[in-house]
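Throughout, read-outs are computed from the coordinates displayed, never taken from laboratory work. Treat the numbers as computed from the prediction; the structure is a model and nothing was measured. Note that we place each Cβ from the backbone using ideal geometry, even for glycine, and neighbour counts take in every protein chain shown.
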Amino acid sequence: MEKSNRVAVYPGSFDPITKGHVDIINRTSEIFDRVVIAVLKNMTKKPWFDFEERVQLIKKVIGQNEKIEVKCFDGLLVDFMEQNNAGVIIRGLRAVSDYEYELQLSLTNSMLSNNKIETIFLPASRENLYLSSSIVKEISLYGAKIEELVDESIVEDIKRRAKEMKEVK
Ligand code: PNS
């Protein structure tokens, strides 16, 4: 089957999904016919949430939307792209510090796909410029408010996990 540029894949760890991710997902769904959120199963850094939990949190936040699908992947992103007949990867860009890593990812994916896969960067919205899953985890460990950083539907899930993480430390 021909790969489609109408399908965009938004890959990431989503440990956990933040308002920054949600903003990129919503904006992508305005541009493309279909958005596949691709959750990396096995991360090098030990995640707070296993991949099934990360998928559940995303589904809770996104709700029912016929344009948006959540899937997991393992191995190379380009293989997942091929299996899903998708030609475009979406990545959000925050500060300049993201650029080098993102360029590396996009050039590698381009090389691995014989230039068939394109990466499109969406600039983070102003309010999300310095927001990351790591910041959410870090401050929730110390009991700080995370309501402005993640969707309210998952605030309690994160606070509960933060408490558990503190207990095992
Ligand atoms: O949210 P993240 O952690 O910045 O997402 C990184 C991700 C999942 C996009 C990247 O690590 C990835 O694509 N991993 C799969 C392995 C792969 O394809 N590597 C080649 C590109 S360097």
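Values as computed for the structure displayed
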quantity	calculated
Of Lys71/Lys166; Lys60/Lys116; Lys19/Lys145; Lys59/Lys116; Lys46/Lys166; Lys45/Lys166, pairs whose Cα-Cα distance is over 23 Å	Lys71/Lys166; Lys60/Lys116; Lys59/Lys116
Ascending count of other beta-carbon atoms within 10 Å, so fewest first, for Asp74, Asp50	Asp74, Asp50
Extension gain from Ser134 to Val22, taking 0.36 nm per residue of separation minus the Cα-Cα distance	38.7 nm
In nm, spacing of pseudo-spin labels at Glu102 and Asp74 (7 Å Cα→C-beta vector)	3.0 nm
Inter-site label distance for Val168 and Tyr142 at 7 Å from Cα along Cβ, in nm	2.3 nm
Karplus-derived HN-Hα couplings along region 96-105 (A = 6.51, B = -1.76, C = 1.60, θ = phi - 60°), whole Hz, x at Gly and Pro	3, 4, 6, 4, 4, 5, 5, 5, 4, 4
Derived scalar couplings ³J(HN,Hα) [region 133-150; Karplus, 6.51 cos²θ - 1.76 cosθ + 1.60; whole Hz; x for Gly, Pro]	4, 5, 5, 4, 5, 4, 6, 5, 4, 9, x, 6, 5, 10, 4, 7, 9, 10
Efficiency of FRET from Cβ geometry, Leu122 and Lys67, R₀ 22 Å, rounded to 0.05	0.85
Pairs of alpha carbons in the chain whose separation is greater than 22 Å (percent)	43 percent
Value of Rg to Rh for region 1-75 (Rh from inverse mean 1/r over Cα pairs, i.e. Kirkwood)	0.97
Per-pair calculated FRET efficiency, R0 = 22 Å: Arg160 and Glu52 via Cβ, rounded to 0.05	0.85
Amide H partners (placed H, <5 Å) of Val9, local residues excluded	Val36, Val88, Ile89, Ile90
Leu122 long-range amide H proximity, modeled H, under 5 Å	Arg91, Gly92, Leu93
